[in-house]
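A.B. asks: Shown below is the structure under consideration.
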Amino acid sequence: KADGAKAAASLGVDPAMDYGFYRNFWGLQESLLYPEKLFDRRENWTAFHKAISALLKLLLKHPAQEVAKQPWTEQEPTPMRHAPRARALGVQLDDPGFRLQFLTQVMVAFQVLEVDGSSRAVSGGLISRQPDLVRSEFYGLKRLCESTLKHIREGYPKLLKRVLEREGQWVAWKASGCREFDHYSKEMLTARPCVADELMLREFEKSQAAKKKLQPAVSGLLNALKDPSWQMPPATKPGGDDEVGATRSQATKGLCEAYLDRLVEEDKPENCIEEEYKAKKNKVFMWQCLRLFNQQYLRVYGRKDVNK
């Protein structure tokens, strides 16, 4: 008898769970994804209202309250992936978590119809421009959804209402052209830090007080750049013009002068070269130019004050 009463209380064995109900239930998904299409044609809202009303009546007829701590049970011998679709839908609708998820989706769709972020002049959303009969049916469905959610989990409609109100406030904020951020909240200046914040602050101060240790190679490189002491080789007199032209330093000097001449010529106003097409905008070219200049005029680089 207990098993029979339990089966009778299940939504999956209700006579209303037929193929038509199955089609209407999954046909609601398109309307929930695009709520603005409900009022394109009169029959769209009529079909939606009929399907949602039938579903909510069944959910109230077979209530399922969510339990915070569900007891452990053995795994079913036949997993649900092998079950027929009609039976799977009944098991899903008996699940309180599935009911919460679906009804939350319905409430979000209702929120979209009530808050229109595309226009600042019209308030009340898309539902405010509908006939009185449609508006009365809409708000009746909304109250029925809230009542069903209250039976599933106590306090959930209040939490969901708060979340949707904040979302509506954000949509209205953006529709009015307001900026996302203006200034820090004054509560951050007057609020008292909690114990966790004080502990994190102490750990942060300890980490900042400890001096960072660098690797020896990095420390040596920084010291060399801070106080460079370059040793220049003695100047030698070349034997002839051909020998001078064949040296690498002479080739580097010619290439460096060519780079510098290009920069000078491009900066002359009479050449009419736009700023974005100049060579100084090319990072690779400027890096090559600086390297050639440092190699050719090492004494100038050695006298460079790194503190400036």
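The values are calculated or read from the model by the stated rules, or taken from the named source; none is laboratory data. Quick caveat, the model's predicted, so the values are computed rather than measured. As a convention, Cβ positions derive from the backbone with ideal geometry for all residues, glycine included, and neighbour counts pool all protein chains shown.
A.B. asks: Between residues in region 37-63 that are more than 26 Å from Asp14 (Cβ to Cβ) and assigned by TED's automatic domain parsing to the domain that holds Asp14 and residues that are among the hydroxyl-bearing types (Ser, Thr, Tyr) and assigned to a helix (DSSP H, G or I), which pairs lie under 6 Å by C-beta distance while being six or more apart or on different chains?
C.D. replies: Leu38/Ser31
A.B. asks: Could you tell me which numbered condition His62 fails, if it satisfies all but one of (1) buried (at least 16 other Cβ atoms within 10 Å of the Cβ); (2) modelled with pLDDT under 80?
C.D. replies: That leaves (2) as the condition not met.
A.B. asks: Let me ask something additional. What pairs can you find where one residue is in region 138-149 and within 10 Å of Leu56 (Cα to Cα), the other is small (Gly, Ala, Ser) and crowded, with 18+ Cβ neighbours inside 10 Å, and their Cβ atoms are less than 8 Å apart, with a gap of 6+ or different chains?
C.D. replies: No pair meets every condition.
A.B. asks: Here's another thing I want to ask about it. Within region 279-299, how many residues are modelled with pLDDT under 80 and part of a loop (DSSP other than H, G, I, E, B)?
C.D. replies: The total comes to 1.
A.B. asks: Which of the residues that make up region 71-130 are of a type in the set (Lys, Arg), under 29 Å from the mean Cα position of the chain (by Cα) and modelled with pLDDT of 70 or more?
C.D. replies: Matches in region 71-130: Arg99 only.
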